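Here is the structure we will look at.
Since every read-out is calculated from the coordinates, none of them should be taken as a lab result. Model, not experiment: these values are computed from the prediction. Please note: Cβ atoms are built from the backbone with ideal geometry, for glycine as well, and neighbour counts cover all protein chains shown.
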Amino acid sequence: MSLLLAASLVLKALAIPLLARIGWVDFTTQKITNRAVLLLLGIALGSLLLLSLHLGSWWNMGLSAFAGLFLFVVLFPFWALRKVGAGDVKLMAVMPLLIGSGDLTVFSILLLVFAIAVAVIVKNPFLLPEGAFRFYVEHLDRKRVVPFGVVISMASICTIAFQIYANLMPHPGPAI
């Protein structure tokens, strides 16, 4: 493994606690701060730059930037209609830069799975154990809000963990 790839993976690993914090803050307050998104953007750009230097191609960076811009433009009207929060739109726009264009499919599938799971839990809080968590989810259902930043964070953490695992595990060589 090259030093540039290792540094890119270290930056992605540093994004995991930040993503966990973003998810937790969104879960508890329904807010995603600009400071957290900008910090994540800096980590993402650094990681993507190192990966582009390692690959010797800027294609991944350009495709990721286009995907981020596309997501922002597509999700912006949903924010204007008050269907999603502004923090969710900004966080989703940063995700292609953090994940990279190669694993956006994995991220999208995980995002769909986690979104369905959260929707089922919010709509059926009786599936949860008794206690404060159940009352909190019922409160979210009454307010008609779903902290989508939690779903985005969980999907991106899992995708980054997959990327790190895939790059650290030795690849089998040709059979002799």
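Please give the net charge around residue 36, taking every other residue with its beta carbon less than 10 angstrom from that of residue 36, where Lys and Arg add +1 and Asp and Glu add -1.
Taking every other residue near residue 36 into account, the sum is +3.
Quick one: among 75, 112, 50, which has the greatest mean-square fluctuation in a GNM of the chain with alpha-carbon springs under 10 angstrom?
112
In deg cm²/dmol, rounded to 500, what helix-only [θ] at 222 nm does the chain give when every DSSP H run of at least 4 residues adds -39500 (n - 2.57) and the total is split over its residues?
One gets -27000 deg cm²/dmol as the mean residue ellipticity at 222 nm.
In whole Å, largest first, what are the principal axis extents of the Cα atoms in the range 1-62?
Rounded to whole Å, the extents work out to 42, 23, 13 Å.
Would you calculate the convex hull of the Cα atoms in the range 3-168 and tell me its volume per residue in Å³?
107 Å³
In a Gaussian network model over the chain where Cα atoms closer than 10 Å are linked, find which of 166, 20, 44 has the largest mean-square fluctuation.
Comparing 166, 20, 44 in a Gaussian network model of the chain, the most mobile one is 166.
Fewest first, what order do 8, 108, 57 take by the number of other Cβ atoms within 10 Å?
57, 108, 8
Between residue 29 and residue 5, how high is the FRET efficiency from 1/(1 + (r/R0)^6) when r is the Cβ-Cβ distance and R₀ = 41 Å? Nearest 0.05.
Computed FRET efficiency for residue 29 and residue 5 comes out at 0.65.
Considering the dipole of the chain built from charges on the beta carbon (Lys and Arg +1, Asp and Glu -1) around the Cα centre, which of 4, 75, 17 is farthest to its positive end?
Of the listed residues, the answer is 75.
Top mean-square fluctuation among 91, 55, 81, Gaussian network model of the chain, C-alpha springs under 10 Å?
Checking each option, the largest mean-square fluctuation is seen for 81.
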